[in-house]
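The values are calculated or read from the model by the stated rules, or taken from the named source; none is laboratory data. Since we're looking at a predicted model, the values are computed, not measured. Cβ: placed from backbone, ideal geometry, glycine included. Neighbour counts: every protein chain shown. The protein model used for the area step is the full one, side chains on, heavy atoms only, and it has no ligands, DNA or RNA in it. Shrake-Rupley method; radii C 1.70, N 1.55, O 1.52, S 1.80 Å.
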Amino acid sequence: MVNFDFKDRYDINDLLRIMELLRSPGGCPWDAQQTHESIRNGLIEETYEVIEAINKNDRELLLEELGDVLLQVVFHAELEREKQSFDFSDVCDGICKKLVERHPHVFGSVSVENTDEVLKNWDDIKRKSKGQKTQGSSMLKVPKELPALMRAEKLQSKAKKVGFDWPEIGGALDALESEIKELKAAMSSGSHSEIEGEMGDVLFSCVNVSRFLDVDPELALTRSNEKFISRFLEVERLAAEKGINMKEKTIEELDELWNQAKINLGSN
């Protein structure tokens, strides 16, 4: 058994100590074997569980899931501490310095009138600190690992900052209609690569329209996914109630059940 002081209430220093003990000889064999690569998906999963808690407005779950995210940060920092590269205090130091640097209206003499000016200053300081002289160079820094819809929105927002954007939503809608026509043409050609490319352009244009409507495309699609699930479950319930074998019905007949499910659930 490791040497550890049990407490009624722990703090960040205790968490750092626990992580160190778990990785040390006599600790946990599983924790000792982990690397950045082996636990990276854990950070993604825990982050989405935080989002789930926020969406559910569940404060107890949020408290728990934030702890799980913090554990991931501490775990990665411990891996580097063992290599004498950096530790958790360096992580804290780095983010503190970044916050101070990017809030000159709070910690300096810069004056701002609104949040738009705050965001502009943040972006200017960020690009300068990272040596990004153009918006194009800043686009290259948007992680490819982001969900595609989220990444598309970020790329479009960066293009907007140099005026590369439609003046109003009409242009974005026209572009979407144009991309749909190109998708139909690609479908006629039978080329899978062309179809894939045009499908991507349609989705990218959908994100553009969402941006003009001030709608988060990732969140909108997530909610549509949940809506589809609830309606499909209702379709299955109705089919079972009526003794209908869904596999034996046409799509038109199933669509009648779908429309009834929409009415029953009272959703758009």
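The relative contact order of segment 149-257 comes to 27 percent, based on Cα pairs under 8 Å that sit 6 or more residues apart.
Does segment 23-82 come out rounded, prolate or oblate, given a ≥ b ≥ c as the square roots of the eigenvalues of its C-alpha gyration tensor, rounded meaning a/c under 1.5 and, failing that, prolate meaning a/b above b/c? Prolate, because a/c is 1.5 or more and a/b exceeds b/c. Taking label points 7 Å from Cα along the Cα-to-Cβ direction, residue 35 and residue 90 give a separation of 1.9 nm.
Over segment 193-268, with every protein chain in place, what whole percent of the accessible area is carbon and sulfur at 1.4 Å, could you tell me? Whole-percent figure for carbon plus sulfur exposure: 54. Using only the Cα atoms, work out Rg/Rh for segment 80-141, with Rh taken as the Kirkwood radius, to two decimals. My calculation puts Rg/Rh at 1.09. Listed by chain and number, the lysines whose C-alpha is less than 16 Å from the C-alpha of residue 126, apart from same-chain residues fewer than 8 away, are 97, 98, 141, 154, 158, 161.
Work out which GluC sites (Glu not before Pro) in the chain are exposed loop sites (DSSP not H, G, I, E or B, at most 16 other Cβ within 10 Å) and give the longest gap free of them.
Counting at most 16 other Cβ atoms within 10 Å as exposed, the longest clean stretch of the chain is 1-112.
Averaged over its residues, the chain has an accessible area of 71 Å² per residue, based on protein heavy atoms and a 1.4 Å probe.
Straight-line cross-link reach from residue 247 at under 18 Å between alpha-carbon atoms covers these aspartates and glutamates, not counting any fewer than eight positions away in the same chain: 234, 236, 255, 256. FRET efficiency for the pair residue 189 and residue 10, taken as 1/(1 + (r/R0)^6) with r the Cβ-Cβ distance and R0 = 45 Å, rounds to 0.10.
If each DSSP helix of 4+ residues adds -39,500 (n - 2.57) and the sum is divided by the residues in the chain, what number results at 222 nm, nearest 500 deg cm²/dmol?
Working: 13 runs with 194 residues, N = 268.
Rounded to the nearest 500, it is -23500 deg cm²/dmol.
Rounded to the nearest Hz, the phi-derived 3J(HN,Hα) couplings of segment 205-213 under the Karplus curve 6.51 cos²θ - 1.76 cosθ + 1.60 (θ = phi - 60°) are 5, 4, 4, 4, 5, 4, 4, 5, 8, where x marks glycine and proline. Each of residue 214 and residue 236 was given a label point 7 Å from its Cα along the Cα-to-Cβ line. The distance between the two points is 3.9 nm. Helix 59-82 and the long axis of the chain differ in direction by around 60°, with both axes built from C-alpha atoms.
Projected onto their three principal axes, the Cα atoms of segment 1-149 cover extents of 57, 39, 36 Å, largest first.
Count Lys and Arg as plus one, Asp and Glu as minus one, and take only other residues whose Cβ is under 10 Å from that of residue 249; the net charge is then -4. Using a ≥ b ≥ c from the Cα gyration tensor of the chain (square roots of the eigenvalues), is it rounded, prolate or oblate, where a/c under 1.5 gives rounded and otherwise the larger of a/b and b/c decides, a/b for prolate? Oblate, because a/c is 1.5 or more while a/b does not exceed b/c. For the pair residue 107 and residue 159, the difference between a 0.36 nm per residue extended length and the Cα-Cα distance amounts to 15.8 nm.
What whole-number distance in Å separates the alpha-carbon centres of segment 220-268 and segment 134-195? Using only Cα atoms to place each centre, the spacing works out to 32 Å.
Over segment 98-184, the hull volume per residue, using the convex hull of the C-alpha atoms, is 130 Å³. Rounded to 0.05, the FRET efficiency of the residue 248 and residue 181 pair, given R0 = 45 Å and the Cβ-Cβ distance, is 0.80. Between helix 251-265 and the chain there is an angle of about 60 degrees, using the helix long axis and the longest principal axis of the Cα atoms.
How much net charge surrounds residue 117 when only the other residues with a Cβ under 12 Å from the Cβ of residue 117 are counted, with Lys and Arg +1 and Asp and Glu -1? Cβ neighbours under 12 Å give a net charge of -3. Seen from residue 79, the other residues with C-beta closer than 12 Å to its C-beta sum to a net charge of -3, counting Lys and Arg as +1 and Asp and Glu as -1. Ligands, DNA and RNA left out, the 1.4 Å accessible surface of segment 22-166 is 58% carbon and sulfur atoms.
Going down the list 133/160; 7/56; 83/128, which pairs span over 21 Å between their C-alpha atoms?
Working: 133/160 16 Å; 7/56 31 Å; 83/128 30 Å.
The pairs that break the limit, which is 21 Å between Cα atoms, are 7/56; 83/128.
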